[in-house]
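The next block holds one structure in the form of C-alpha cells; read it before the comments.
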C-alpha cells in the first residue's frame, strides 16, 4: 500500500472516530502537538479538539472527503480535500461543505495529524 493510500485510510478512520465520538481513537490519530484551525478561525490543541468533537452539543452524523489529493514527502503528508460534514448541533441537523487541509506526520510507523485547517464553508 502506498503512503498516499495509508493517509486516505487513516483519514477514513478519523472520520469514523468523529461519528463514533471516540476520544481514544481520535487521540491515536492526532499528534500530541496538534494545532487545528477551525472554519471560524479558532486554533485548538489536541485536548480541545477532541473534547469539542466528542462532548457537548455537536454530534457528527457523517463525514466524507471529496476531491481528495495526497502529497507525500518522506514522513510528512498533506491531504487536501473538500469535506462534506453532516452533524447536529443543539439537536438541529446541519450540513456543510468546506475545504480541508490535513498535515500528517509518520512517527514509529503511525500516521497522525499534526496540523489542520478547515473552511471557510461553501
- Mean-position separation - Cα centroids, segment 24-78 and segment 6-23, in angstrom: 9 Å
- Treat each spin label as a single point 7 Å out from the Cα along the C-beta direction, and report the residue 110 to residue 33 distance in nm. 1.7 nm
- Item | Top of 12, 108, 69 by mean-square fluctuation, Gaussian network on the chain, Cα under 10 Å | 108
- Message: Per-residue counts of other Cβ atoms within 10 Å, averaged by peptide: what ranking do you get for 52-61, 25-34, highest first?
- Response: 25-34, 52-61
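Between residue 96 and residue 2, what's the calculated FRET efficiency when r is the beta-carbon distance and R0 is 25 Å? Round to 0.05.
Details: r = 30 Å, r/R0 = 1.19.
Once the sixth-power term is evaluated, E becomes 0.25.
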- Message: Restricting the calculation to Cα positions, tell me the Rg (one decimal) and the Dmax (whole number) of segment 3-118 in Å.
- Response: 13.4, 43
- As computed over segment 72-122, the Cα convex hull volume per residue (Å³): 94 Å³
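Quote the relative contact order of the chain in percent (integer), defining contacts as alpha-carbon pairs under 8 Å separated by 6+ residues.
Working: 248 pairs, mean separation 30.5, N = 122.
It comes to 25 percent, rounded to a whole number.
Computed from the coordinates by the stated procedures, all read-outs in this text should not be read as laboratory data. Keep in mind the model is a prediction, meaning the values are calculated, not measured. All Cβ positions, glycine included, derive from the backbone under ideal geometry; neighbour counts span all protein chains shown.
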